[in-house]
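Have a look at the structure below before the remarks.
The values are calculated or read from the model by the stated rules, or taken from the named source; none is laboratory data. Bear in mind the structure is a predicted one, so any value in this text is a computation, not a measurement. As a convention, Cβ positions derive from the backbone with ideal geometry for all residues, glycine included, and neighbour counts pool all protein chains shown.
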Amino acid sequence: MQDDVVIRVVAKVMIPAVMLFALYVQFHGDYGPGGGFQAGVIFASAFVLNAVVFGLNKGRHVWPAHYNLMGICGGVLIYGFTGVAGMAFGENFLSFNVLADDPIAGQHLGILLVEFGVGLTVAAVMVMLFFTFAGRLSHNRLLSKSDAHERRLAPKSSPSKEVTK
Amino acid sequence: MSAWMDPILGQWNYYLVIALMMIGFYAVIARGNMVKKIVGLNIFQTSVFMLYISMGKVANGTAPILTGEPSTVYSNPLPHVLILTAIVVGVSTTAVGYALIIRIQESFGSIEDDDIIAMLDDEEAPAS
Amino acid sequence: MMQHLPILQVLLPLLAAPFAALLRGRELAWGLTFLTTGAAFLISIALFLEQRALGTTLVYELGNWAAPIGIVYVIDAASALVLPVISGIGFIATLAARQLVAAEIDRRDHGLFYAAWLLTIAGMLGQVTTGDAFNIFVFLEISSLSAYALVAMGSGRDRRALPAAFNYLILGTVGATFYVIGIGLLYMLTGTLNLADLAERLPQVEETRAAFTAMAFIALGLFLKMALFPLHFWLVPAYAHAPSAVTALMASTATKVSVYVLIRLIFGVFGIEFPGLVDGVGLLVLTLGIAGAFVGTLAAIVETDLKKLFAQSSIAQLGYMAIGIGAMSATGLAAAFLHLFNHALMKGALFLAIGMIAAQAGRATMGTLQGAGKQIPITMTAILFGGLALIGVPLTAGFISKVYLIRALLEQDFWLLAGLTFVSSALALAYVWKIIEAAWLRPRPEGAPELSETPSQYMPAWIMVIATLGFGIYATPLVDAAFAAAHVFIPATVGAP
Amino acid sequence: MSAETLIYMLLGLPLLASALVLLFRHQPNLRDGQAVGLGVVSAWAAFQLYLLPTGASVTLVALAPGLTLSFTPEPLGKLFALVAGTLWPLATLYTIGYMRGAKEKNHTRFMFFYAIAIHATMGIALSGNLLTLFVFYEMLTFSTYPLVTHKGDEAALKAGRVYLGILVSSSIVFLLFGVIGVWALAGTLDFVSGGILAGKIDPFYVPALLALFAFGIGKAALMPLHRWLPAAMVAPTPVSALLHAVAVVKAGVFTVLKVSVYIFGIDFLQQTGGSDWLVWAASFSILAASIVAMTKTNLKARLAYSTVSQLGYIVMGAALATPLAASGAALHIAAHGAGKITLFFCAGAIYVAHHLTDIKDMNGLGRTMPITYGAFALAALSIMGVPPLAGAWSKFMLMGGALDNGYLVVLGVLMVSSLLNLVYLGEIILRGFFASPSHKWDGVQEAPLAMLIPLSITALLSLLLFFTVDFLMIDFGG
């Protein structure tokens, strides 16, 4: 699809807009509709679009594979340790009241961090899913011609091999 | 609306949900193709999502965003939040399911239940 | 710190999982897992002791939001009894996993393996700890999804793991979805998801059809998850083809947690007074339990693959737990809890010992075992003791749960059922005898693979064997705890120990 | 010495002996000598315990509420302990002679499990409740398995499979269920005189529950569960002598007796008629086994079926459920124990001295082995119930019990059985003394002294028991 000018141009314009919208959904989540889940998916869709339009290799170049695991784990850890922070201040897990000077600000801060963690994880998971499946399929197509094909025949052909020996 | 039609029309969402549920469940059970099974599973789960979401609707209620007016009737946001989690779980399940299907295709060369069962039987036979 | 134990119980393995996934070296990932599960085990013992000492229910409010609105974690006599089972088995299985996983899993996947391993444990601990019906679903899926992945990791050695994991996924998801439907209906009826709150509000609507439907969906979903006959077909291939360490972990814990959740929902939410519970669900569970006990045992007798054999026997043992539940009495529930505890110990021992053999010989069948009694006497003795416990020989833990199970049935004058239960459990002798005969009474065939054993290989299994014998010889505290757990759900009017 | 100490001694001495056997495995004389010595000590301890009044109790551990491992000697148990304790040193002495004379292998392993089996037997004898009894019952089964398969050849392994198969499966399927059933009904498993089940169970179920015990206790060899006993005869003769004439089979009938007396209670059985069917089952067992015994020409096989038949007497005593019959049954444990061990000792002596196992080859052997055959004749007469020998009393009391209960048929059964005894045991004696010799034997060729001494002592015991019957009588009350 790289050759199609219209798609390339539109994609180039769209991708930053999608990402910006994702950030809006992400950080507006504690006031209005939105939050980490939705933002993460939207954010990831920008990368998916990029990969679809410009090819898997270029897509991987923009978001290297090892970011995925770090993003997934990092997001979970941000969530977890935001909760643990409440415990550090002597309150229960996920108590955000104590994170800032007054409870309201604390709740804001807490939910912001938690949602950021969620967003990070969701985005990373989505990108990872896409790249894994897409990469696997092309890989698979190669396999099916040689490796898997042989493996499928292996049980039947093995006795005949012995005969030829 | 007459009295006898009320339980039917008033609860149309449940009929829809049940129909979806049965379609999905049927696909899970009756289809031998694993991809179709996953699709069926998704339909099945979606019906549950619909069940939850539709139950959160309060008659004449608006979206549960604070308007500042005390007279506003809000819909119940809790089922939506729950189902957000359930959707995430559903996506994860689908992803794991497809990942398994790809691996099965790679090593068995088929994603039809019957083929695989036949192959498994072949493998079991000499071992025992 | 002490007041945070209920959340730390779940949080520790949950937060250790991402670290394990990030750690490259397999020794590091294992070490982290080992420390985490060890700490989780200590926490559950502390919780158990604290709960037993106080005799009250420990409640932990997440985010300081009080009960019906916020999610609470609840440690009562029942969950305090089940937590050490899960974390303890998790700990011992991790101990064994070091060698089993090194032998069976590609070393690049070790980080991810241990991450999934920790998530499974965290999910199971969460199901037991939480006091929120929907939260149970979330933890159920956390543990199940990682369990599917763990089972599928057996594919490096045995490609049959893949379809097994896929079927497990399909049926597991269907079961979980049924559960969610039931919870949804309950929420529509009562407007709450907190288990204690549900139990309070449900009597006002207990005669409605929606309440019955909710119970049916929840029970059915959990029957699937706990592999109650005839919904058990996913279990055998999943256990048989999973990596050995995973089999040991899951066989001892996964279905048990579902049994616990079933008890918690059926007795803790609907309550023994719920119309139709005793005559309907009770009779159904009783019948299916007996049938499962026979089907599982008979299938185990003809089975030659050891993992499958003991997986079939798990079906039978789950049948006994179901019988305990179906007796619908405090003694029956206590018997179910006792058997839940004891069966985890003995199946853990068995699968750890068999795993060690399978890791060496590729697979563990009756053929592999021939004459093995001379080559690996210590491991085989562990299997022997595990088998004796399965039969329910006195001085093993199996005997204790069996006597209480029979007692529960006789209390209600179910003479025939008691006899059937007994006969089916004694039939276990047949497959245990098969193993004894193969291992000790037959010579090792020519050209059979050499088996060896070192202390680090048989120690995990032996820890479980010693626990099995220990809880068989001195079971009084355990029996007390089981009755305390049962009395959470059915008040102590009849059948005190 | 207090009863508690004696209990610990009786249980501990065999264990000590087995440990010392392992320790002295390279010094055969020391190894065997200590076993005999400790056996004498335990015989003395059993005698002391028998003299002490009942009431002592030792609890090892409480498994769960109502389930304990404890030891409470009562008259019946003390009698059994006395029988086992007295015969142990004699049998050990005999074993030494046999094992060396017949040049068997794996002497140490044999002695080790022999002592463990005695430990298990003592545990059964002294057990204070059904659970303890069950545990030691299983222990006895497993510890005798290596003894039965001692030869290690195909036939021995096959017999061992039958042995273990019948004993283990019957005990686990029926006996254990009975034990659990009793516990679930009564809430306790303690042996209490007068029984613990009265009023706790619907009389309708009593026969069924009793059946669980009668057929669960495979060691009592009640037909059709007797197959293991002839199969176990592949074992070396000392095993057959001590274990399959005394320890194992007596543990079986002892358990039956104990269950009917202390769990069901004689009166309760009498009132409910729950044991009527067992009278017939025992009668069948007595007669059928006697008839089978006549068809066997292998000496040990014939003795084995004779044992099956004699065990039927004791089960019968339990089933008749009268105090007199129960006393007779208890006495028969001692009387038959002394008699049958002598017979087996003689069979072993014949094998060691002349390598003969078939009765047809033993024509005229009595003149070559006068002491052995004399002892054999004495013991055989005791088993037939001829006064003045021990068997007379027990048979007499059983008949009295049957009369009390109105079972005239049982009188007939006992008469016929005595006649059959006469036929199949008398044949051996007659052949030995009066038939023309089938071989050329020059002069007297007896077995080693280590074998002759024990078999003479046990033969004389049969005589002695007749005159000391008051000492051994147990009064089960009216």
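No other residue among C:Ser143, C:Ser155 is of a type outside the set (Phe, Trp, Tyr) and surrounded by 23 or more Cβ atoms within 10 Å (Cβ to Cβ) apart from C:Ser143. Restricted to region D:21-39, and to residues there that are in a helix (DSSP H, G or I) and polar (S, T, N, Q), the residue that is farthest from D:Thr121 (Cα to Cα) is D:Asn29.
Residue by residue, here is whether (1) of a type outside the set (D, E, K, R); (2) modelled with pLDDT of 85 or more; (3) within 28 Å of D:Tyr163 (Cβ to Cβ) holds:
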position	(1), (2), (3)
D:Leu299	yes, yes, yes
D:Ala326	yes, yes, no
D:Ile333	yes, yes, yes
D:Ala347	yes, yes, yes
D:Thr357	yes, no, yes
D:Leu365	yes, no, no
D:Ser394	yes, yes, yes
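Among the residues of region D:69-79, the one identified as more than 19 Å from D:Val256 (Cβ to Cβ) and buried (at least 22 other Cβ atoms within 10 Å of the Cβ) is D:Phe71.
Between C:Ile406, C:Ile435, the distinction of being more than 10 Å from chain D (Cβ to nearest Cβ), among the β-branched types (Val, Ile, Thr), in contact with a helix residue (DSSP H, G or I) (Cβ under 8 Å, 6 or more places away or on another chain) and at negative phi belongs to C:Ile435 only.
State yes or no: is C:Thr396 within 14 Å of another protein chain (Cβ to nearest Cβ), surrounded by 24 or more Cβ atoms within 10 Å (Cβ to Cβ) and farther than 30 Å from C:Val278 by Cα? So C:Thr396 passes the test. Comparison of D:Leu430, D:Leu452, D:Leu420, D:Leu398 shows that the only residue that is at pLDDT 85 or above and closer than 23 Å to D:Ala330 by Cβ is D:Leu398. Taken over region C:439-471, the residue count meeting the criterion of being outside any loop (DSSP other than H, G, I, E, B) and either at pLDDT 85 or above or away from every other protein chain (no Cβ under 13 Å) (or both) is 18. Listed by position, the helices (runs of 4 or more DSSP H) contained in region A:1-114 that have at least 3 residues being within 14 Å of chain C (Cβ to nearest Cβ) are A:65-88.
Table: residues versus (1) modelled with pLDDT under 90; (2) crowded, with 23+ Cβ neighbours inside 10 Å.
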{"site": "D:Tyr114", "(1), (2)": "yes, yes"}
{"site": "D:Phe134", "(1), (2)": "no, yes"}
{"site": "D:Leu147", "(1), (2)": "yes, yes"}
{"site": "D:Tyr163", "(1), (2)": "yes, yes"}
{"site": "D:Val173", "(1), (2)": "yes, no"}
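Selection over region D:210-241 of residues that are surrounded by fewer than 24 Cβ atoms within 10 Å (Cβ to Cβ), assigned to a loop (DSSP other than H, G, I, E, B) and in contact (Cβ under 8 Å) with a residue 24 or more places away in the chain gives a count of 4. Taking region C:118-152 as the range and being more than 10 Å from every other protein chain (Cβ to nearest Cβ), among the β-branched types (Val, Ile, Thr) and in contact with a Phe, Trp or Tyr (Cβ under 7 Å, 6 or more places away or on another chain) as the test, the residues that pass are C:Val128, C:Thr129, C:Thr130.
Being out of contact with any His (no Cβ under 7 Å at 6 or more places or on another chain), crowded, with 24+ Cβ neighbours inside 10 Å and closer than 19 Å to D:Ala301 by Cβ: is that true of D:Lys250 here? No, not satisfied. With respect to being surrounded by fewer than 21 Cβ atoms within 10 Å (Cβ to Cβ), within 14 Å of chain C (Cβ to nearest Cβ) and touching a helix residue (DSSP H, G or I) at 6+ places or on another chain (Cβ under 9 Å), D:Gly66 fits the description.
Of D:Ala282, D:Ala330, all but one fail to be crowded, with 24+ Cβ neighbours inside 10 Å and within 12 Å of the chain's Cα centre (by Cα); the exception is D:Ala330. On inspection, C:Met328 fails the criterion of being within 14 Å of another protein chain (Cβ to nearest Cβ) and surrounded by fewer than 24 Cβ atoms within 10 Å (Cβ to Cβ).
Has region B:76-91 got at least one residue that is surrounded by fewer than 21 Cβ atoms within 10 Å (Cβ to Cβ) and more than 27 Å from C:Gly221 (Cβ to Cβ)? No: region B:76-91 contains no residue that is surrounded by fewer than 21 Cβ atoms within 10 Å (Cβ to Cβ) and more than 27 Å from C:Gly221 (Cβ to Cβ). You will find that of D:Val386, D:Val409, the residue that is closer than 27 Å to D:Leu287 by Cβ, touching a residue at least 12 places away in the same chain (Cβ under 8 Å) and not assigned by TED's automatic domain parsing to the domain that holds D:Leu82 is D:Val409 and no other. Specify the residue that is surrounded by the fewest Cβ atoms within 10 Å (Cβ to Cβ); the eligible residues are those in region C:361-380 that are under 26 Å from the mean Cα position of the chain (by Cα) and under 16 Å from C:Tyr458 (Cβ atoms). Here the residue is C:Ile378. Only a single criterion out of (1) more than 26 Å from D:Pro146 (Cα to Cα); (2) surrounded by 24 or more Cβ atoms within 10 Å (Cβ to Cβ); (3) within 14 Å of chain C (Cβ to nearest Cβ) is not satisfied by D:Ile263, namely (3). Checked against the criterion of being over 12 Å from the mean Cα position of the chain (by Cα), buried (at least 19 other Cβ atoms within 10 Å of the Cβ) and at pLDDT 90 or above, the candidates A:Val53, A:Val41, A:Val13, A:Val76 yield just one match: A:Val76.
Each row is one residue, and each column tells you yes or no for (1) at the interface with chain A (Cβ under 10 Å from one of its Cβ atoms); (2) within 20 Å of the chain's Cα centre (by Cα); (3) in a loop (DSSP other than H, G, I, E, B).
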site	(1), (2), (3)
B:Gly68	no, no, yes
B:Ser71	no, no, yes
B:Gly90	no, yes, no
B:Gly97	no, yes, no
B:Ser107	yes, no, no
B:Ile116	no, no, no
B:Leu120	no, no, no
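Scanning region D:179-195 for residues that are facing chain C (nearest Cβ under 8 Å) and closer than 19 Å to D:Ser57 by Cβ yields a single hit, D:Trp183.
Conditions tested, residue by residue: (1) closer than 30 Å to D:Lys78 by Cα; (2) over 20 Å from the mean Cα position of the chain (by Cα); (3) in a loop (DSSP other than H, G, I, E, B); (4) among the polar types (S, T, N, Q).
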site: D:Lys395; (1), (2), (3), (4): yes, no, no, no
site: D:Leu398; (1), (2), (3), (4): yes, no, no, no
site: D:Leu419; (1), (2), (3), (4): no, yes, no, no
site: D:Val423; (1), (2), (3), (4): no, yes, no, no
site: D:Glu427; (1), (2), (3), (4): no, yes, no, no
site: D:Ala447; (1), (2), (3), (4): no, yes, yes, no
site: D:Ser456; (1), (2), (3), (4): yes, no, no, yes
site: D:Ala459; (1), (2), (3), (4): yes, no, no, no
site: D:Phe466; (1), (2), (3), (4): yes, no, no, no
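Looking at D:His336, D:His244, just one residue is surrounded by 24 or more Cβ atoms within 10 Å (Cβ to Cβ) and assigned by TED's automatic domain parsing to the domain that holds D:Leu463, and that residue is D:His336.
Of the candidates C:Leu35, C:Leu47, C:Leu12, C:Leu42, the single residue that is in a helix (DSSP H, G or I) and within 14 Å of chain A (Cβ to nearest Cβ) is C:Leu12. Restricting C:Leu286, C:Leu228 to those that are in contact with a Gly (Cβ under 7 Å, 6 or more places away or on another chain) and outside any loop (DSSP other than H, G, I, E, B) reduces the list to C:Leu286.
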